[in-house]
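K.L.:
Take a look at this one; I'll ask things after.
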Amino acid sequence: MPQKLSLRSRLLISQLAVLAVTVIALATVSRLYTPRYFVVTLERMELRGIRVRQEVRGQLLRGFEDAWIRGVMGSVLLGGSTAGALSYWLSQRISKPLLRMEQVTQQFAVGDFSSRVPPLDIPEFDRLGHGFNRMADDLEGVEHRRRELVGDLTHELRTPLTIVKGYLEGLADGTVEPSAKNYDRLVRETERLQRLVDDLQELSKLEAGYLPVTMRSLSLAPLIQQVRDRFADQLLGNETLTLEIDMLQPLPAVLGDPARIEQVLVNLLSNALRHTPTGQVSIRAYAQQGFVWVEVVDTGVGISAENLPHVFERFWRADRSRDRASGGSGIGLAICRRLVALQGGTIEAKSQLGIGSTFSFSLPIDPAI
């Protein structure tokens, strides 16, 4: 297979080809018309009374042609060499940014995402470089999150696996009593593993677009009441924490998947109740500008301002030392964000440390109503 020419070579060859065509066209036209124009000029001089003998006229014509050839050759040599050097410089200048981008992509290929394209003099290439650098920033962020995900996932799996292994070894050598309490502890740890694996699988399907979302028109009020009743049963006998519903206006029908909306509500309420030892958790709903907004408001521990932007990231937690028995899997809010987005809505979080948090999501109102 013949070797392909580089962009720099192609640019140089194209510019030299244009130069050659220009020189050939100029020389051809000049060769055809300049001697004739000289003869016409002599004839006009004769008409004005200036007599030129025939042999002198021939010598003048030959001298003119010789001078013209010398001038053209000199012009071609000087102009061609200058234009060739300028073409080479331009081809170098144009191809250099692209070669720099190629070097950066090669560094990306070996896992080095720190290189960036410097500012360029050519506006079009400068815009391309800015776009390339934005892509590099995104790739660097993806790689950073991937490494964090692997590290967090390893940590999440190691803790319950270590506990299960320790209990099983203790049961095997007799140092741990085979009691119902210990078996219950083993069951809880395996359930944590199962929830983590299920959450990861669901998040993976969501991000890959494989998780089906069946959109239909539905009323949110009964669904909210159903979810509230489920959690209210768990709070029986707890006089320090209440769960309320606040809907001051009738809600229009929305477009969404009832199972996925329920999943979002369950995740938000679970987080709110987990982080509100005492006080109140409220579910509010209202219509606004083509959407129905659902808010889960708690009076719990809250989230600091620097941590708030990260609450919807996978495996995020403000307290890295908190175990998952009290802190959840760390994937629920990431799943909520994807589920709400797939149904055409948005999800937001507001919080003040020590005062409480508000998680709200929107769903589009059914346009058929």
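K.L.:
Kindly put 165, 350 in sequence by how many other C-beta atoms sit within 10 Å of each C-beta, fewest to most.
P.N.:
Exposure proxy ranking, most exposed first: 165, 350.
K.L.:
Same structure again: Arranged by the count of other C-beta atoms within 10 angstrom, fewest first, what order do 45, 247 take?
P.N.:
45, 247
K.L.:
While we're looking at this one, here's another question. Tabulate in residue order the Karplus-calculated ³J(HN,Hα) for region 249-254, using 6.51 cos²θ - 1.76 cosθ + 1.60 with θ = phi - 60°, rounded to whole Hz; enter x for Gly and Pro.
P.N.:
9, x, 9, x, 5, 10
K.L.:
Would you mind calculating the gained length between residue 358 and residue 270 on full extension (0.36 nm times residue separation, minus the Cα-Cα distance), in nm to one decimal?
P.N.:
Here the answer is 30.4 nm.
K.L.:
Then there is this: Rank these for me by crowding, 311, 72, 264, 281, going from fewest to most other beta carbons within 10 Å.
P.N.:
So the ranking, lowest neighbour count to highest, is 72, 311, 281, 264.
K.L.:
What nm distance separates the two modelled labels at residue 23 and residue 204, each placed 7 Å from Cα along Cα→Cβ?
P.N.:
According to this spin-label approximation, the distance is 6.5 nm.
K.L.:
Work out, step by step, the length gained on full extension between residue 161 and residue 16: first 0.36 nm times the residue separation, then minus their alpha carbon distance; give nm to one decimal.
P.N.:
This chain segment gains 45.1 nm when fully extended.
Rule-based calculations on the coordinates, nothing more; no lab input. For clarity, every value in this text was computed on a predicted model and none was experimentally measured. Methodologically, a virtual Cβ is constructed for each residue, glycine included, from the backbone with ideal geometry; neighbour enumeration extends over all protein chains shown.
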